[in-house]
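The structure appears below as structure tokens.
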Amino acid sequence: MNRQPVLYGLDIEIDTTIEALDPEVSPIMGVALSGPRVDELFTGPEPLLLAGLDHRLQGLEPGVIVTWDGARFDLPFIAARARVWDTPLHLHLEARPGSDGSFNAMWGPHRHLDARRLYDQAGRGRTRFGRRRAAGSAPPELGSEALHANPASDARLARTLADRRWGVARRSIDRLVAQPGQLVS
């Protein structure tokens, strides 16, 4: 019997006061990472935030990064922002054939699972996430305390949703055609 891998929820918050959801100009304000023994929020200057997140992921036990719509939003947004700053990441994205612009992903030793795809397939895509603001967008009035609470709770929730349906979820983990190669930059 296969043991369930460690699940790490991940969620980003971006600054939408600049150009809405354009990764060429809208910075990432925070990235939350939630696991059984880790609940962290990465903030600060964006290049340091991205490098810190990448470093932390490399030091964690290999597992599965769980996002909500991360295949279409969070992970491609992170990759684009890393390119803006010329910050190398161990993030590998591969376009899903015939998809709506979503990607399969792997981040260093961690595979990826988009919980939204899992719940959409089951007809349960209208969880709390389905009713909230656009994915990853921080409202302009979001204060420092709310910024810290929102992505952290969303990261925990993504992880919990995958854990609750693990029997089905494990079959939805991204499969990459090519082997992950060099760092994204």
Which of the numbered conditions does HIS55 fail, given that it passes all the others? Conditions: (1) more than 25 Å from THR160 (Cα to Cα); (2) at pLDDT 95 or above; (3) surrounded by fewer than 17 Cβ atoms within 10 Å (Cβ to Cβ).
(1)
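Scan ALA32, ALA95, ALA80 and give me the residue that is in contact with a Phe, Trp or Tyr (Cβ under 7 Å, 6 or more places away or on another chain) and among the small types (Gly, Ala, Ser).
None of the other options fit; the residue is ALA95.
Here's the yes/no breakdown for (1) without any contact (Cβ under 8 Å) to a residue 60 or more places away in the chain; (2) within 19 Å of LEU118 (Cα to Cα):
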position	(1), (2)
ARG37	yes, no
GLU40	yes, no
LEU48	yes, no
ASP54	yes, no
LEU57	yes, no
GLY63	yes, yes
THR67	no, yes
ASP74	no, yes
ALA79	no, no
Just a yes or no: is a residue in the stretch 83-106 farther than 14 Å from ASP174 by Cβ, surrounded by fewer than 22 Cβ atoms within 10 Å (Cβ to Cβ) and without any contact (Cβ under 8 Å) to a residue 24 or more places away in the chain?
yes
Mind counting the residues in the stretch 51-79 that are of a type outside the set (Phe, Trp, Tyr) and touching a helix residue (DSSP H, G or I) at 6+ places or on another chain (Cβ under 6 Å)?
3
Subset of the stretch 1-24, residues at pLDDT 90 or above and β-branched (Val, Ile, Thr), comes to VAL6, ILE12, ILE14
First in the stretch 11-30 and without any contact (Cβ under 8 Å) to a residue 40 or more places away in the chain, second anywhere and assigned to a strand (DSSP E or B) and charged (D, E, K, R), Cβ under 9 Å, 6 or more apart:
SER26/ASP15
Can you tell me which condition ARG3 does not meet? The list is (1) within 20 Å of ASP163 (Cα to Cα); (2) touching a His at 6+ places or on another chain (Cβ under 8 Å), and all the others hold.
(2)
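The values are calculated or read from the model by the stated rules, or taken from the named source; none is laboratory data. As the structure is a prediction and not an experimental result, all values here were calculated from the model. Cβ atoms come from the backbone with ideal geometry, glycine included; neighbour counts cover every protein chain shown.
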